[in-house]
Amino acid sequence: MRYKCLVFDHDDTVVNSTATIHHPCFVEYLDLYFPGRTCSLEEYFLKNFDPGFIPMCKDEYGMSDEELEGEALFWRNYVKDHIPDAYPGIRQIMERQKAEGGLLCVISHSYDDNIRRDYAANGLPEPDAVFGWEQPPERRKPEPWPLLEIMRRFDLKPHELLMIDDLKPGYDMASACGVDFAGVGWSNDIPEIEAFMRANCSMYFKTVDELAAFLACPVPDRR
């Protein structure tokens, strides 16, 4: 076990959801409430990467707080009937981690109940802890609180965790906590995102198999 705790992002890290669910949902919302406004899949990936979904909605589309609440409700209703598929190989990584006595946690901008539903639907091991969008803003990624709470709850040191995420908010959170970060890029082929992750992350994996091979390597002694 290379790390006692693997901390996974959810969307586009564990499940293929942006291209198949979240972006189509957002386009449908714009068509209904902001007619004439558009958002390509590449734009959606880029803006979620930086500055993030909420700033994108406010700055790019001029959404008020009330309209943001309406978008969130629209999205919640949409995802009730849409379950994303896990990426091939993710289940095997998680099962090995649990079989070796390790922890499996999730920090995501999806809701706890949706995350647990997706895990069950895809036959993934039940997470030991989930921190999603149901948390108040000051406890959501990229705020450091979720990682700090995992370390407190399970009595872990920063070097015993690995944060696995496809976007910059996960990188920012892990960096603030001194936790190792693995950038992953199997959800898209957008050069700007990959260039940032490769330049700033000590680890970057373009495929699930690459991550699996890394986690299977001999464990360095960092005590």
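Tabulated results
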read-out: Candidates Y119, Y111, Y87 - the one that is of a type outside the set (K, R) and at pLDDT below 95; value: Y111
read-out: Residue within the stretch 49-61 that is β-branched (V, I, T), part of a loop (DSSP other than H, G, I, E, B), free of Cβ contacts under 8 Å to residues at least 60 places away in the same chain and out of contact with any helix residue (DSSP H, G or I) (no Cβ under 6 Å at 6 or more places or on another chain) present; value: no
read-out: Identity of the residue in the stretch 1-12, within 17 Å of A129 (Cα to Cα) and not aliphatic (A, V, I, L, M), that ends up surrounded by the fewest Cβ atoms within 10 Å (Cβ to Cβ); value: K4
read-out: Hits in the stretch 1-21 (condition: of a type outside the set (D, E), within 15 Å of the chain's Cα centre (by Cα) and not in a loop (DSSP other than H, G, I, E, B)); value: L6, V7, F8, V15, T18, A19, I21
read-out: Listing of strands (runs of 3 or more DSSP E) fully contained in the stretch 133-223 that carry 1 or more residues being exposed (fewer than 15 other Cβ atoms within 10 Å of the Cβ) and assigned by TED's automatic domain parsing to the domain that holds P55; value: none
read-out: In the stretch 141-183, the residues that are charged (D, E, K, R) and modelled with pLDDT of 95 or more; value: E143, E149, R152, R153, D155, K157, E160, D165, D180
read-out: Unmet requirement for Y119, which otherwise passes all of (1) farther than 20 Å from L73 by Cβ; (2) in a loop (DSSP other than H, G, I, E, B); value: (2)
read-out: Condition met for E126 (surrounded by fewer than 18 Cβ atoms within 10 Å (Cβ to Cβ), part of a helix (DSSP H, G or I) and at pLDDT 95 or above); value: no
read-out: Those residues of the stretch 41-73 which are under 23 Å from H10 (Cβ atoms), loosely packed, with under 13 Cβ neighbours inside 10 Å and of a type outside the set (A, V, I, L, M, F, W, C), in sequence order; value: P55, E69
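Quick grid of which residues meet (1) part of a loop (DSSP other than H, G, I, E, B); (2) in the same structural domain as P191 (by TED's automatic domain parsing); (3) without any contact (Cβ under 8 Å) to a residue 40 or more places away in the chain:
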| position | (1), (2), (3) |
| --- | --- |
| H23 | no, no, yes |
| L30 | no, no, yes |
| R37 | yes, no, yes |
| F45 | no, no, no |
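The values are calculated or read from the model by the stated rules, or taken from the named source; none is laboratory data. Since the structure is predicted, the reported quantities are computational estimates derived from the model, not experimental observations. Glycine also receives a Cβ, built like all others from the backbone with ideal geometry; neighbour counts cover every protein chain displayed.
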